[in-house]
Amino acid sequence: MRHLPLAILFFYVLSPIKGDFLIEGLRNIQKRSTTANVDGIEVYNISIISKVTSRFAHNVITSRAVNHANRSEEAVFDVDLPKTAFITNFIMKIDGVEYPGIIKEKEVARKQYETAVSRGQTAGLVRASSGRKTEKFTVSVNVAAKSKVTFELVYEEMLKRHLGNYKMFIKVQPKTLVKNFQITVDIHEPQGISFLDANASFITNDLQPAIKKTFAGEKGQISFTPTLNQQRTCAGCTTTLLDGDFTVIYDVNRESPGNIQVVNGYFVHFFAPKLGGVPKNVIYVIDKSSSMQGSKITQTKEALLQILDDTMEHDYFNFILFSSFTSVWQNNLVKATPGNLTAAREYIRNFDIGGTTNINAALMQAVHLLDRAHELKQVPERSVSLIVLLTDGQANVGVSNPTRIQENAKRAIQGRYTLYCLGFGYSVDYPFLEKLALENSGVAVRIYEDSDATLQMQGFYNEIANPTLVDITMQYPENITANVTQNTFKHYFDGSEIVVAGHITDDSLDSFIANVEAEGTNTTVSYSENVQLKDKDGVRKQQEYIFGDFTERLWAYLTIQQLLEKRVYADTSEKERLKARALELSLKFKFVTPLTSMVVTKPEQKDEKAQTLVADKFVEAQPIRNYGVRNWVDSDPHFVIADPRKNDALCFNIQEEPGVLLNLITDRKQGIAVNGELIGDKTTNKSVQSTETYFGKLGIVNKMVNLRIEVTTDAITVIDGNDQTTFSWLDTVTVDQKGFSFAISNKKSVKFSFGEGATFEIVLHKVWAGNPVHRDYLGFYTLNDHAFSEGVHGLLGQFFHGVDYEISDIHSTDDPRKPDATMKVKNKLLTVTRGIKRDYRDGNTDNSEVPCWFVHNNAEGLIDGNATDYIVQDIFSIV
């Protein structure tokens, strides 16, 4: 296989849906070797052509390669797209024959894929994975001897203004010399370009002349076309200097607060006034549960200290820290005076962590503080009130149902305040936070567990640091406009931009007027924009310069994104209406969105049939289990290991005889262990043969608090030192003491929490009385396994801090619902099968189905050692 050279294009924007602050763009083709390969696949041309007009970017990536070998070679087209981008076209051209991608409704594409699998044809997904800022588009194709191949991918995206400018990052990393390497960014902004610049991290004196920059009036261009000699690391070398970030930054003239463009019956209105700031009232709601220990809390404190340094003196603020309970820094919001900021810094530096996660109580406390501040006039009347929630986990104490938390927050806030949600790490329930924020006029932002997490949090604060307007309404003549995108906004922050688009239904208009009303620092402000529509020559020049329907496509892009955003918090009937409209527009404008897929048919090869590939838009899905459950074992027993990063799961069985004790979790540092005893089906019915086993008894030991708990299908026994108490499943019990709590609910489940450490839930499965074969059994679920130490082990415990694996070569089996695949894990290649396991947490009969990759043979190759290594001699053993 040959992987061909690459380049990556990034756009620095604030995502209107996901809240990402660095949204990356495209990666063309990558070749792993560091020298040109003249005996096989050679990429002789890479071009990245970006045309931007009125902030709408149309990007074409083209790569051309030739196979010099006397045998066929495989070329891989590997592209990283911005998460906010929509693919609009893809073509492979092989020996003059084009193989286009066709955009279809997602369900239609899925059925086509399943039909291909059922017929024994090769099929797969074009999108391979989603990264921190991008989602991957990958296609491989065999190139016959002495043949050429061309890949062309087109995508479109609206650039968002960020801190006063538009920034484009081009990651240049071809890994080898490329004969014709070209990056060209053409910019056309009818307002006029105020500045344009470009630089690169890898630039040398030899490479500097390859960068060309020109701009005047409305047009600007940045190009980078290094020759082969300029690319070389040294004279005669075959290695390349091109390895780093190429940056383009620009902004437009702003003689008036707004600008309106009208082309082909569609308008787009840009609004970015320069005003003095409005005071803001911010309550920071910070998760200090035990899962935040280590770098998370260190980086959070660093970010908060920097935010305090950047807080303006006319602002008001407060802190609420939460874990199992909430603690408030001050009884009221305080003004950002030097003395209050000094006291706040001391508070942030010195608070400790520990406990579980009570999100609901913390949010209710924040709303109460803001309510009282406004009622008692402790904050300015004309001010912006914000709640910033940061959490790394999922609610597991107090009100823990995500839907109830969302309902409570919406009912309490009542549209008066804006809620922003920062989700730290991969264990967080991001879709829950997204809906929570969107329902309350905010956005959700994922903070990634990397060395720059502090900068990510500071970047978010910079976006909201300086509000200048509140309650903005963009007004357009109702009798001549239709299908206008969102035109009311809670806030305008300095350095950003409001964009509204719509359809003008009257073709005979000579002018078009828009009015803006908003609340400023001291008074109501009004703006009026009037654009003359008689300049037909100007419109025609715009159309010639780029693409004449850009206003309509920008309108469609905005409309689809806003429809998808509204679906997040709409009720069932409204969801369907929004989906239907978004799907209609996606198909009409040929966008690959979360509702559509691109179907690519690869050419038939000599020894294989044609291959059907489906490219999907990555969508943040619900966590594999609700309420924070990550890993569990239930039924046969089936072990399920969640992978929040891939939004997927692994699963396996351990086949041992009834009576065997298996270690599920051992954490010597925390003194915690969980073991389970296997039971089999009833043996009284000799006519029924069964080899199924279940967990009939579970033992939990916590040496730190000298506690042992034995759970059977009949009772729960708590042994506290020398004291022993037995509870029936029929009891309604809640015990809460220092370092330990548990509660039996609905006669079906019991939840245990050990202070700052583990939280488990055990589910009782009752079979119907008189069942001749099966008997009652237990299921075991973890709720905050990320709180364990790095040394945790056991059949479940070894996966608490993640497992690295890759899935490839998905192919059909006799059962089209259960394709096989190859999994690479721990330097081994395993055959795995797609399956479905059920989540019975809380004893639900209406249980959820969880797709997973099933690892055969007692998980050999996945678990450390062999299954027999996990057999223990006592239910309370710590191995």
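Computed quantities for the displayed model
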| read-out | value |
| --- | --- |
| Some residue of the stretch 454-468 being within 16 Å of the chain's Cα centre (by Cα), in a helix (DSSP H, G or I), among the charged types (D, E, K, R) and over 15 Å from ASN360 (Cα atoms) | no |
| Among residues of the stretch 194-212, those that are within 35 Å of the chain's Cα centre (by Cα) and part of a strand (DSSP E or B), counted | 8 |
| When residues of the stretch 367-392 are limited to those that are among the polar types (S, T, N, Q) and over 20 Å from LYS490 (Cβ atoms), the one surrounded by the most Cβ atoms within 10 Å (Cβ to Cβ) | THR391 |
| Subset tally (residues that are modelled with pLDDT of 90 or more, open to solvent by 30 Å² or more (accessible area, probe 1.4 Å) and over 14 Å from ILE102 (Cα atoms)) for the stretch 583-597 | 1 |
| Leading residue by the ranking (modelled with the lowest pLDDT) among those in the stretch 769-807 that are open to solvent by 30 Å² or more (accessible area, probe 1.4 Å) and of a type in the set (D, E, K, R) | GLU790 |
| Selection status of ALA373, modelled with pLDDT under 95 and either more than 24 Å from GLY459 (Cα to Cα) or in a helix (DSSP H, G or I) (or both) | no |
| Condition check for TYR430: aromatic (Phe, Trp, Tyr) and either open to solvent by 50 Å² or more (accessible area, probe 1.4 Å) or modelled with pLDDT of 95 or more (or both) | no |
| Selection status of ASP392, in contact with a strand residue (DSSP E or B) (Cβ under 6 Å, 6 or more places away or on another chain) and charged (D, E, K, R) | yes |
| Any chance GLY192 is out of contact with any Ser or Thr (no Cβ under 9 Å at 6 or more places or on another chain) and open to solvent by less than 20 Å² (accessible area, probe 1.4 Å) | yes |
| Candidate set from the stretch 312-335 (those that are of a type in the set (A, V, I, L, M, F, W, C) and under 19 Å from SER400 (Cα atoms)); member that is farthest from the chain's Cα centre (by Cα) | PHE325 |
| Of the criteria (1) within 25 Å of the chain's Cα centre (by Cα); (2) at pLDDT 90 or above, which one PRO851 fails | (2) |
| Output for the stretch 205-221, where each listed residue is of a type in the set (A, V, I, L, M, F, W, C) and open to solvent by less than 70 Å² (accessible area, probe 1.4 Å) | LEU207, ALA210, ILE211 |
| Matching strands (runs of 3 or more DSSP E) fully within the stretch 118-183 where at least 2 residues are modelled with pLDDT of 80 or more and either surrounded by fewer than 18 Cβ atoms within 10 Å (Cβ to Cβ) or under 21 Å from the mean Cα position of the chain (by Cα) (or both) | 148-158 |
| Condition check for LYS766: open to solvent by 30 Å² or more (accessible area, probe 1.4 Å), at positive phi and not polar (S, T, N, Q) | no |
| Residue match in the stretch 225-242 (condition: among the β-branched types (Val, Ile, Thr), crowded, with 21+ Cβ neighbours inside 10 Å, touching a strand residue (DSSP E or B) at 6+ places or on another chain (Cβ under 8 Å) and more than 30 Å from GLU790 (Cα to Cα)) | yes |
| Looking only at the stretch 394-425, and only at residues there that are of a type outside the set (Gly, Ala, Ser) and in contact with an Asp or Glu (Cβ under 7 Å, 6 or more places away or on another chain), the one that is nearest to THR782 (Cα to Cα) | GLN394 |
| Selection from the stretch 459-480 of residues that are open to solvent by 20 Å² or more (accessible area, probe 1.4 Å) and hydroxyl-bearing (Ser, Thr, Tyr) | THR473, TYR476 |
| Residue in the stretch 760-775 that is farther than 30 Å from GLY680 by Cβ, touching a Leu at 6+ places or on another chain (Cβ under 8 Å) and in contact (Cβ under 8 Å) with a residue 12 or more places away in the chain present | no |
| Residue that is surrounded by the fewest Cβ atoms within 10 Å (Cβ to Cβ), among those in the stretch 433-458 that are modelled with pLDDT of 90 or more and of a type in the set (Gly, Ala, Ser) | SER441 |
| Whichever residue in the stretch 546-580 is open to solvent by less than 50 Å² (accessible area, probe 1.4 Å) and among the aromatic types (Phe, Trp, Tyr) and, among such residues, is modelled with the lowest pLDDT | PHE547 |
| Test: ALA395 is modelled with pLDDT under 95 and either closer than 30 Å to PHE267 by Cβ or crowded, with 23+ Cβ neighbours inside 10 Å (or both) | yes |
| Residue count, the stretch 330-366 (criterion: without any contact (Cβ under 8 Å) to a residue 12 or more places away in the chain and either open to solvent by less than 20 Å² (accessible area, probe 1.4 Å) or part of a loop (DSSP other than H, G, I, E, B) (or both)) | 1 |
| Residues that are farther than 17 Å from SER528 by Cα, surrounded by 18 or more Cβ atoms within 10 Å (Cβ to Cβ) and out of contact with any helix residue (DSSP H, G or I) (no Cβ under 9 Å at 6 or more places or on another chain), drawn from the stretch 493-517 | ASP494, ILE504 |
| The stretch 379-425: number of residues that are more than 25 Å from the chain's Cα centre (by Cα), part of a strand (DSSP E or B) and hydrophobic (A, V, I, L, M, F, W, C) | 1 |
| Filter result for ILE836 (part of a strand (DSSP E or B) and either touching a strand residue (DSSP E or B) at 6+ places or on another chain (Cβ under 9 Å) or open to solvent by less than 50 Å² (accessible area, probe 1.4 Å) (or both)) | yes |
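Residue-by-condition table, conditions (1) of a type outside the set (A, V, I, L, M, F, W, C); (2) in contact with a strand residue (DSSP E or B) (Cβ under 6 Å, 6 or more places away or on another chain); (3) open to solvent by less than 20 Å² (accessible area, probe 1.4 Å); (4) at pLDDT below 95:
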| site | (1), (2), (3), (4) |
| --- | --- |
| ASN264 | yes, no, no, yes |
| LYS288 | yes, yes, no, yes |
| GLN293 | yes, no, no, yes |
| ILE320 | no, yes, yes, no |
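Yes or no, residue by residue, for (1) in contact (Cβ under 8 Å) with a residue 40 or more places away in the chain; (2) in a loop (DSSP other than H, G, I, E, B); (3) buried (at least 20 other Cβ atoms within 10 Å of the Cβ):
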residue	(1), (2), (3)
ASN59	yes, no, yes
ALA65	yes, no, yes
PHE77	yes, no, yes
ASP80	yes, no, yes
ILE102	yes, no, no
GLU107	no, no, no
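The values are calculated or read from the model by the stated rules, or taken from the named source; none is laboratory data. The structure presented is a predicted model; accordingly, all values stated were derived computationally and were not measured. Note: ideal-geometry Cβ built from the backbone for every residue, glycine included; neighbour counts use all protein chains shown. Accessible surface areas use protein heavy atoms only, side chains included; no ligands, DNA or RNA. Shrake-Rupley method; radii C 1.70, N 1.55, O 1.52, S 1.80 Å.
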